[in-house]
Amino acid sequence: MPESVYKFIELVGTSSESWEKAAAAAVTQASKSVRDLRVAEIVQLDVAIENGKIKSYRAKVKLSFKYASKG
């Protein structure tokens, strides 16, 4: 098996419903422009609060994808 190299990016997904949907939003958006996504790691979960109520759920997601060098 040949060696492989992977690169990481971090994104923050948001949802008004849940952390799961926030994480899914980040992965879905990344998959539109990044090829060969491999692993998504949830790094941090938090909420945005407005007037004492949860406005949105936020998930910081660390995504890895296979790095293909040019040349």
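Please work out whether the chain counts as rounded, prolate or oblate from its C-alpha gyration tensor, where a ≥ b ≥ c are the square roots of the eigenvalues and a/c under 1.5 means rounded, while otherwise a/b larger than b/c means prolate and anything else oblate? It comes out prolate by the Cα gyration axes.
Pairs of lysines in the chain whose Cα atoms sit within less than 28 Å of one another amount to 19, provided the residues are eight or more positions apart or on different chains. In segment 5-71, which GluC sites (Glu not before Pro) are in a loop and have at most 14 other Cβ atoms within 10 Å, using DSSP for the loop call? The qualifying sites are Glu17. Can you list which of the trypsin sites (Lys or Arg not before Pro) found in the chain are DSSP loop residues with at most 16 other C-beta atoms within 10 Å? Those that pass, being in a loop and sparsely packed, are Lys32, Arg35, Lys70. Annotation for the chain: chymotrypsin sites (Phe, Trp or Tyr not before Pro) lying in DSSP loop with at most 15 further Cβ atoms inside 10 Å of their Cβ are Tyr67. Neighbours of Val39 by Cβ distance under 15 Å: Lys/Arg scored +1, Asp/Glu scored -1, total +3.
Considering only alpha-carbon pairs that sit under 8 angstrom and 6 or more positions apart, the relative contact order computed for segment 17-71 is 41 percent.
Taken together, the values in this text are just the output of simple stated rules run on the coordinates, not laboratory data. Quick caveat: nothing in here was measured; it's all calculated off a predicted structure. With ideal geometry, Cβ positions are generated from the backbone for all residues, glycine too; neighbour counts draw on all protein chains shown.
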